[in-house]
Amino acid sequence: MAYSEKVIDHYNNPRNMGSFKKDEPDVGTGIVGAPECGDVMKLQIKVRDNTIVDAKFKTFGCGSAIASSSLATEWLKGKTLEEANQIKNTDIVQELNLPPVKIHCSVLAEDAIKAALNDYKKKAGLQREDTQEGTMASTSSS
Amino acid sequence: MKLPIYLDNHSTTRCDPRVLETMLPYFTEKYGNAASRNHSFGWECEEAVEAARQQIARLVHADAKEIVFTSGATESDNLALKGVAEMYREKGDHIITSSTEHRAVLDTAKYLEKKGFKVTYLPVDKTGMVSPDDVRNAITDRTILISIMLANNEIGTINPIKDIGKVAKEKGVLFHCDATQGVGKIPVNVQEMGIDLMSFSAHKIYGPKGVGALYVRRKAPRVRLEPLIHGGGHERGMRSGTLPVPLVVGFGKACEICEQEMDTEAVRIRALRDRLYKGITDALEEVYLNGHPTERLPGNLNVSFAYVEGEALLMGVKDIALSSGSACTSATLEPSYVLRALGVGSDLAHSSIRFGIGRFNTEEEIDYTIDQIVKAVNHLRAMSPLYEMAKEGIDLKSVQWAAH
């Protein structure tokens, strides 16, 4: 399969690749996907005054999954929590020219954004736990 | 060294220039129909076809009369399974095969199931091998065919064909072997191996695409087949259609070269494969070999790089032609059924890469490949949340993942 130039660029030069400390109060973490499915995305946001001041990702997955999460971190920076919640997988599909077979990568990225936002809101006491959305994975040791 | 590098020789191979040279006159000068009995154009082509049949038969220790030309191994597999099933239907309705066979066998078996036949899909052990005892235990008085591959196209594991052939003989059941990946690479002897039908093709052994063969035993027992393609009665009535003389001639030459050079070539290719494996495992941790440590094709290396997705890895080595068992490389989004049959977890199946080393690969290419693979794996592991979690001491198996 041929990749778009943008996917290749994100693959070769991933933006904001890395991790924040999960337990810091201003950090929201979303981990979505499963190794058995061939995709796991970890997306983290750092929030100050309702605005995302920094974002980081780590992804296990194909080039399109890597590019989707890398792009997501670029888009998240500078956005308010409400604005971030508006990012749609279709925006990612369009920006990266993802073929139909790769749309699930963009869906996963949107899920990761939502999961990170929810994690932050939960920590900051902005949201009740039972309204949590997304498909965040939980680790037994965390 | 020229880029890109071709390391996908299980998929297909470059046509050997010596093969091409042999073929060329049969396009432009000797363009007769091998079935034309009334003029020299036909005679010279018939002669060339029969010479090629000899070369092919010699490589697998068969008689030339037992070689039926087809369009390739997929057709040969179809002809063997459907042809036997239909011909011996009154004798029985049970077929035995294995779960790691090529799709050409598996899908044909599935088709026959729809037509009312019963198929047993034998499991393989964790190295990918079929057990001859399992074959023996699966045979019933309704069994008409056993179809087990010689060497697997993904993991290169070589099955104990001789022992399976012995079981088939003992029980009086016909034995078909899909030997597409093995012929020309390792010694094949249809007599010693007790094979009654055998599929193979030219383009896997540096011959042209579009031609293959089905070996059909003529004596002890004489195997009969219902043809798939009816017409002029070519190929003892088992496969009608004008023979593609240039392709057949090329197939013959490719077999002749294999017969003459196999011993030295296998040693050279195995050394390249071992160099590749050593280079990769010396530089990287958590690389897992898929398949059998020793009973495997000389040119095959199949490994899983933990915490790295296969397709992403292929993207990182864009100058090297390789194949992955990752779901992302298939239309179905399912990881390799062969690796799953071995008991390889889905996570490691997604992380698998198949290297197929062939006649035209060099040591320099292998060293370049090691360097590129190591760089790409390190790049992707730095990016992998799974690698990070593993480094933090989190047991990935204990995580409640949300499957999607």
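The values are calculated or read from the model by the stated rules, or taken from the named source; none is laboratory data. Keep in mind the model is a prediction, meaning the values are calculated, not measured. Backbone-built Cβ (ideal geometry, glycine too); neighbour counts: all protein chains shown. The area values use the complete protein model at the heavy-atom level, side chains included, leaving out ligands, DNA and RNA. Shrake-Rupley method; radii C 1.70, N 1.55, O 1.52, S 1.80 Å.
Summary of values
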read-out: Virtual spin-label span in nm between B:E21 and B:N378, 7 Å along Cα→Cβ; value: 4.4
read-out: In degrees, nearest ten, helix B:40-60 long axis to first principal axis of chain B (Cα); value: 50
read-out: Extension gain from B:L3 to B:K115, taking 0.36 nm per residue of separation minus the Cα-Cα distance; value: 35.5 nm
read-out: Inter-chain Cβ neighbour average for residues A:38-49, partner chain, 10 Å; value: 3
read-out: Dipole magnitude of the protein assembly as shown about its Cα centre (Cβ charges: Lys, Arg +1; Asp, Glu -1), debye to nearest 20; value: 940
read-out: Convex hull volume per residue in cubic angstrom - Cα atoms of region B:141-234; value: 126
read-out: Region A:1-72: trypsin sites (Lys or Arg not before Pro) falling in loop per DSSP and having at most 13 other Cβ within 10 Å; value: A:K21
read-out: Loop-located trypsin sites (Lys or Arg not before Pro) in region B:101-181, at most 14 other Cβ atoms within 10 Å (DSSP); value: B:K115, B:K126, B:R142
read-out: Compactness of the protein assembly as shown as Cα Rg over 2.2 N^0.38 Å, two decimals; value: 1.14
read-out: Residue-averaged beta-carbon neighbours from other chains (10 angstrom radius) around A:95-106; value: 1
read-out: Length gained when the stretch B:E47-B:F360 is fully extended (0.36 nm per residue, less Cα-Cα span); value: 109.6 nm
read-out: Selected from B:Y206, B:P227, B:G291, residue furthest toward positive end of dipole (region B:154-302; charges at beta carbon); value: B:P227
read-out: Bridge type composition, the protein assembly as shown - antiparallel percent by DSSP, nearest 5; value: 65
read-out: Region B:1-78: GluC sites (Glu not before Pro) in DSSP coil with no more than 16 other Cβ atoms inside 10 Å; value: B:E29
read-out: Ranked order, B:S352, B:S40 - accessible area, probe 1.4 Å, largest first; value: B:S40, B:S352
read-out: Å² per residue, accessible surface of the protein assembly as shown at 1.4 Å; value: 41
read-out: Theoretical FRET efficiency, 1/(1+(r/R0)^6), r = Cβ-Cβ of B:E90 and A:N85, R0 60 Å, to 0.05; value: 0.30
read-out: Segment B:A35-B:E192, extension gain: residue separation times 0.36 nm, minus the distance between their alpha carbons; value: 53.2 nm
read-out: Mean projected area (nm²) of the alpha-carbon convex hull when region B:130-184 is viewed from all directions; value: 3.7
read-out: Intensity falloff of region B:6-113 expressed as log10 I(q)/I(0), Debye formula with alpha-carbon point scatterers, at q = 0.15, 0.18 Å⁻¹; value: -0.92, -1.09
read-out: Averaged over B:394-402, number of beta-carbon atoms from partner chains that fall within 10 Å; value: 6
read-out: Chain B, Rg to Rh (Cα coordinates; Rh as Kirkwood inverse mean 1/r); value: 1.00
read-out: Under 20 Å from A:K121, Cα to Cα: aspartates and glutamates that are on another chain or at least 8 residues apart; value: A:D23, A:E24, A:D26, A:D49, A:D54, A:E82, A:E83, A:E110, A:D111, A:E129, A:D130, A:E133
read-out: Cα-Cα P(r), region B:41-81, percent of pairs per 10 Å interval; value: 27, 46, 25, 2
read-out: Label-to-label distance, nm, for residues given as B:R236 and B:T28 (7 Å Cα→Cβ offset); value: 3.7
read-out: Helix B:363-383 axis, angle to chain B major axis (alpha carbon atoms, nearest 10°); value: 50
read-out: Expected-Rg normalisation [2.2 N^0.38 Å, Cα atoms] applied to region B:206-265; value: 1.38
read-out: Selected from B:G83, B:T100, B:F305, residue furthest toward positive end of dipole (the protein assembly as shown; charges at beta carbon); value: B:G83
read-out: Cα-based equivalent ellipsoid, region B:154-198: semi-axes from gyration tensor eigenvalues, Å; value: 19, 10, 9
read-out: Cα-centre dipole for chain B with unit charges at Cβ (Lys and Arg positive, Asp and Glu negative), debye to 20; value: 1120
read-out: As computed over chain A, the Cα convex hull volume per residue (Å³); value: 106
